[in-house]
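K.L.:
To start, I am sharing the structure in question, which I have written as structure tokens.
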């Protein structure tokens, strides 16, 4: 009887040790899996930080482009307002003036058309000429679009 109790205790101790060893091995494998997952998560966080930095940089570039576009739009609006004032001041009758002075009106219209066409060329991407870049006096500028055709011109 005493021998069978010893045998039962021995079997219990051996089973306990085997169970403990199995449990420790399972913990080690779980730990390895968790370490691999953590490495993947850290890599994902680092890549997300890179994406966020790129988005911030892109946003800053978009804001700068938007600011430049708003400046150009403000200049164009000013040009439109100036043209509107020029055409709407006083009692202007183009028909009457063309009957009285046809040669003068023809020159004015042709000159205005040439200037407007040059404005369209510049707006479409044509480079400025040296004369346009260096124009600072009112008689040297393109009066149809001075803000884009004559960058050095400052109206008084």
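The values are calculated or read from the model by the stated rules, or taken from the named source; none is laboratory data. What you see is a predicted model, and the numbers here were worked out from it, not measured in a lab. Every residue, glycine among them, receives a Cβ derived from its backbone with ideal geometry; neighbour counts consider all protein chains shown.
K.L.:
Among the helices (runs of 4 or more DSSP H) lying completely within region 68-135, list those that include at least 2 residues that are under 20 Å from residue 150 (Cα atoms).
P.N.:
Hits in region 68-135: 102-123, 130-134.
K.L.:
Which of the residues belonging to region 1-24 are surrounded by 10 or more Cβ atoms within 10 Å (Cβ to Cβ) and at pLDDT below 85?
P.N.:
Hits for region 1-24: nothing passes.
So that you can scan it fast, the table gives a plain yes or no per residue for (1) assigned by TED's automatic domain parsing to the domain that holds residue 141; (2) farther than 19 Å from residue 143 by Cα; (3) exposed (fewer than 10 other Cβ atoms within 10 Å of the Cβ):
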{"site": "60", "(1), (2), (3)": "no, yes, no"}
{"site": "72", "(1), (2), (3)": "no, no, no"}
{"site": "75", "(1), (2), (3)": "no, no, no"}
{"site": "78", "(1), (2), (3)": "no, no, no"}
{"site": "84", "(1), (2), (3)": "no, no, no"}
{"site": "101", "(1), (2), (3)": "yes, yes, no"}
{"site": "104", "(1), (2), (3)": "yes, no, no"}
{"site": "119", "(1), (2), (3)": "yes, no, no"}
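K.L.:
Check region 123-131 and report whether any residue there is under 18 Å from residue 83 (Cα atoms) and either surrounded by 12 or more Cβ atoms within 10 Å (Cβ to Cβ) or free of Cβ contacts under 8 Å to residues at least 40 places away in the same chain (or both).
P.N.:
Yes, region 123-131 contains at least one residue that is under 18 Å from residue 83 (Cα atoms) and either surrounded by 12 or more Cβ atoms within 10 Å (Cβ to Cβ) or free of Cβ contacts under 8 Å to residues at least 40 places away in the same chain (or both).
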